[in-house]
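Working notes, beginning with the structure itself.
The values are calculated or read from the model by the stated rules, or taken from the named source; none is laboratory data. Keep in mind it's a predicted model, so treat the numbers as computed, not measured. We place every Cβ from the backbone using ideal geometry, glycine too, and count neighbours over all the protein chains shown. Each accessible area value is taken on the protein alone, full model and side chains, heavy atoms only, with ligands, DNA and RNA left out. Shrake-Rupley method; radii C 1.70, N 1.55, O 1.52, S 1.80 Å.
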Amino acid sequence: MSVLPPVRKDRIIAELPQCFSTDAALHTKTDFAKKVRTACQEQRTGTVGFKISKVIVVGDLAVGKTCLINRFCKDAFDKNYKATIGVDFEMERFEVLGVPFSLQLWDTAGQERFKCIASTYYRGAQTVIIVFDVNDVASLSHTKQWLEDAMKENDPTNVQIFLVGTKKDISSPAQYALIEKDAIQISQEIKAEYWALSSLTGENVKEFFFRVASLAFEANVLAELEKSGTRQIGDVIRINSNSNNLYAASKKKQPNCCQ
Ligand SMILES: Nc1nc2c(ncn2[C@@H]2O[C@H](COP(=O)(O)OP(=O)(O)OP(=O)(O)O)[C@@H](O)[C@H]2O)c(=O)[nH]1
Ligand SMILES: [Mg+2]
């Protein structure tokens, strides 16, 4: 008997949400891997339904990390800046392909003086979200350093990275186009999936977190299937012949990789 209330209706994911830009995506497939769908249908997802996947959100001060989480989790937006001191966290429960799946979203402080407290919470992340402000080039240029710090505590082969530009609402289309070019290039260099959004208007916020949840879920199920040795004839051919995986070439070299 479950003690948890049912998952909210607006947290149910039945289709794979698409990437924001095909130039910088973790993959560009239009659907969940077939063996993932099959495993979910046949309830062969092992421990995935009981797992909580850790997500850390990092980036410069005042780029909008807290607002991003609050827009998604509470549908709220505060225009006054209140610095995060150390860390905060929120839990979000989803149902992906009929299987319960939870994200634990760790909102970390961008201010230098709180960084050492925040960094003690980086360990064990499955997803790293690096946030910058699309109106602040310096915040974009610091993203590689944020990633480096996050990766000191994590195993790069098991982490999915997202680069997220916030405050799109206050950027003119011309200004935005300029920074997007650089952001996509950095995303490609660090093998991150790129998104741009606005927590003020809510543009792309739900789509983004649905994508994060779906890709984390898919990776967990694939890892579970790998572990249990549940392979189906044809799966190997399907993976190898898939040209949609933009970062496949480098990922293939990694042992135990399940993407
Ligand atoms: N116009 C606009 N303002 C935003 C947006 N997101 C955040 N802000 C504003 O930016 C300021 C900083 O937002 P926070 O979410 O507190 O920033 P943070 O990254 O959590 O900052 P630290 O906790 O210090 O690391 C606040 O005044 C927000 O109202 C956005 O999408 N659009
Ligand atoms: Mg904050």
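For LYS29, indicate whether it is more than 16 Å from ligand 1 (Cβ to nearest atom), over 22 Å from SER171 (Cα atoms) and not polar (S, T, N, Q). Taking the combined requirement at face value, the residue satisfies it.
Of everything in the range 108-137 that's of a type in the set (A, V, I, L, M, F, W, C) and open to solvent by 40 Å² or more (accessible area, probe 1.4 Å), which residue is nearest to ligand 2 (Cβ to nearest atom)?
Within the range 108-137, the subset of a type in the set (A, V, I, L, M, F, W, C) is 109, 114, 116-118, 125, 128-132, 134, 137.
From what is left, the residues that are open to solvent by 40 Å² or more (accessible area, probe 1.4 Å) are 116-117, 137.
On the way: CYS116: 16, ILE117: 13, VAL137: 21 Å.
Per the criteria, the residue is ILE117.
Going residue by residue through the range 83-98, is there one that turns out to be open to solvent by 20 Å² or more (accessible area, probe 1.4 Å), under 20 Å from ASN158 (Cα atoms) and in a strand (DSSP E or B)? Checked against the condition, which is being open to solvent by 20 Å² or more (accessible area, probe 1.4 Å), under 20 Å from ASN158 (Cα atoms) and in a strand (DSSP E or B), the range 83-98 yields no hits at all. Would you confirm whether any residue within the range 204-221 is farther than 20 Å from ASP23 by Cα, open to solvent by 60 Å² or more (accessible area, probe 1.4 Å) and modelled with pLDDT of 95 or more? Scanning the range 204-221, I find at least one residue that is farther than 20 Å from ASP23 by Cα, open to solvent by 60 Å² or more (accessible area, probe 1.4 Å) and modelled with pLDDT of 95 or more, so the answer is yes. Restricted to the range 1-35, and to residues there that are more than 28 Å from ASP75 (Cα to Cα) and of a type in the set (Lys, Arg), the residue that is surrounded by the most Cβ atoms within 10 Å (Cβ to Cβ) is LYS35. Of all the listed residues (ASN204, ASN154, ASN158), the sole one being over 25 Å from TYR122 (Cα atoms) and within 16 Å of the chain's Cα centre (by Cα) is ASN204. What about LYS79, is it surrounded by fewer than 19 Cβ atoms within 10 Å (Cβ to Cβ), away from ligand 2 (no atom under 11 Å from the Cβ) and part of a loop (DSSP other than H, G, I, E, B)? Yes: the conditions hold for LYS79. If we scan the range 40-51, do we find a residue that is of a type in the set (Gly, Ala, Ser), away from ligand 2 (no atom under 16 Å from the Cβ), modelled with pLDDT under 95 and open to solvent by 40 Å² or more (accessible area, probe 1.4 Å)? Yes. Against the test of being at positive phi and more than 9 Å from ligand 2 (Cβ to nearest atom), the options GLY64, GLY86 yield a single qualifying residue, GLY86.
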